[in-house]
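> Got a structure for you, written out below as structure tokens; questions coming shortly.
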Amino acid sequence: MLPSAAAAAASPAIAAHRAACYPHAMTTDLFLGLILFAFVSSITPGPNNMMLLSSGLTFGFRRTIPHMLGVALGHAAMVLAIGFGLGEVFERVPQAYTALKIIGAGYMLYLAWRIATSGKVEAKEGNARPLTFFQAALFQWVNPKGVIMAVTVVSLYTVPANFTASLMIAATVFLLSNFVSVSTWTAFGSMLQRFLSDPRAVRRFNIVMAVLLVMSLIPMLWT
């Protein structure tokens, strides 16, 4: 089933109302609402942030930078793709969205296992690796929370009469907001290295993060 935001976007009445309220350009109120939505949805705990927190602790801030950039740029690209037609595919073929959620759930379980079995990087003799830029960017396409966020922003925070420009603004706002969010969570994980120097403590922390990652699946799979 599509998120409620996608259903709202498909409603002619909703589209007509938005066109009447924002006929030509993104208003200040709409722009501020977009910023607030982007910040709150990106900074709150979710799969990306749980993985970045663990990666910051395990590998440090610098080695996690490709992961961070993959999240920020990958999600911005998803917003553009949804806006330029992928959302309509989900609307016409809801099975595609269901399949995406199932694939995403399986991949997130795999990532949870990777997190749970990782310890402090020195203790792994260099065998453990953070996610690469492309792995993190591709993960956005199987992350249910990220898809819902993208569909919502395209549905509610774009201007029908000036769609392309408003979509570019929305994608840029999410890019900047996500970068602030991923930097914050990674930095916090990196700071924890001072307090969790024992590899066993790092392992226990990562197990907790893995459990939280799995728990984050529950509400999204029922959306």
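> Any idea which of 11, 42 is of a type outside the set (Phe, Trp, Tyr), modelled with pLDDT under 90 and buried (at least 16 other Cβ atoms within 10 Å of the Cβ)?
Numbers: 11 fails: buried (at least 16 other Cβ atoms within 10 Å of the Cβ).
Step by step, each of 11, 42 is checked, and only 42 is of a type outside the set (Phe, Trp, Tyr), modelled with pLDDT under 90 and buried (at least 16 other Cβ atoms within 10 Å of the Cβ).
> Further question: Restricted to the stretch 155-174, and to residues that are of a type in the set (Val, Ile, Thr) and over 15 Å from the mean Cα position of the chain (by Cα), which residue is farthest from residue 137 (Cα to Cα)? Break it down stepwise before answering.
Looking only at the stretch 155-174, we keep the residues that are of a type in the set (Val, Ile, Thr), and these are 158-159, 164, 169, 172-173.
Now drop any that are not over 15 Å from the mean Cα position of the chain (by Cα), which leaves 158-159, 164, 169.
Values: 158: 23, 159: 27, 164: 23, 169: 20 Å.
For the stretch 155-174, the residue satisfying everything is 159.
> Something else: What is the residue count in the stretch 25-81 for residues that are outside any helix (DSSP H, G or I), farther than 21 Å from residue 138 by Cβ and touching a residue at least 40 places away in the same chain (Cβ under 8 Å)? Reasoning before the result, please.
Let us first name the residues in the stretch 25-81 that are outside any helix (DSSP H, G or I), namely 25-27, 44-46, 60.
Now restrict to residues that are farther than 21 Å from residue 138 by Cβ: 25-27, 44-45, 60.
Narrowing further to those that are touching a residue at least 40 places away in the same chain (Cβ under 8 Å): 25-26, 45, 60.
Number of matching residues: 4.
Table: residues versus (1) at pLDDT below 85; (2) within 25 Å of residue 182 (Cβ to Cβ); (3) surrounded by fewer than 15 Cβ atoms within 10 Å (Cβ to Cβ).
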| position | (1), (2), (3) |
| --- | --- |
| 7 | yes, no, yes |
| 18 | yes, no, no |
| 51 | no, yes, no |
| 79 | no, yes, no |
| 82 | no, yes, no |
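The values are calculated or read from the model by the stated rules, or taken from the named source; none is laboratory data. This is a predicted model, so every value here is computed, not measured. Using ideal geometry, Cβ is built from the backbone for each residue, glycine included, and neighbour counts are taken over all protein chains shown.
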